1. Would you say Ala84 is in contact with a helix residue (DSSP H, G or I) (Cβ under 6 Å, 6 or more places away or on another chain) and either more than 15 Å from His19 (Cα to Cα) or not acidic (Asp, Glu) (or both)?
2. Between a first residue in the stretch 12-32 that is on the phi > 0 side of the Ramachandran plot and a second residue that is in a loop (DSSP other than H, G, I, E, B) and surrounded by 15 or more Cβ atoms within 10 Å (Cβ to Cβ), which pairs have beta carbons less than 8 Å apart while being 6 or more apart in sequence or on different chains?
Amino acid sequence: MMNMTLSSEKGVVTLEEKHLIAVLLFVAIRGECKKIEVYENVSSNPRIPEKLDRLEAMGLLVQKDIPGMRSISIELTPKGRAVADHLNAVDEIIKSN
């Protein structure tokens, strides 16, 4: 049996955690955005910062302080863009007749 303790070992199974796919797809569609936009458009769940940290630890997005503002920008990495593209393709297959 596979040890499932580390996110990096889980691979795609990690994305089963609530809101991870939604956040990833939102940022893919929106492009670089502020953290507040994720709260306003995906979920106002108080655990969203943990979700963003998890996606960042997986190498799927980066969070950066916006100089001169009390705000954080979120942007997909190339790896995150590739995963989001594949998820969008799966979504289209599921929606097709």
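1. Numbers: in contact with a helix residue (DSSP H, G or I) (Cβ under 6 Å, 6 or more places away or on another chain): yes; either more than 15 Å from His19 (Cα to Cα) or not acidic (Asp, Glu) (or both): yes.
The answer is yes for Ala84.
2. What qualifies is His19/Val42; His19/Ser43.
Quick note: the coordinates plus some simple rules give every number you see, no bench work behind them. Since the model is a prediction, treat every value here as computed from it, not as a measurement. Neighbour counts are summed over all protein chains in view; Cβ atoms, including those assigned to glycine, are modelled from backbone coordinates with ideal geometry.
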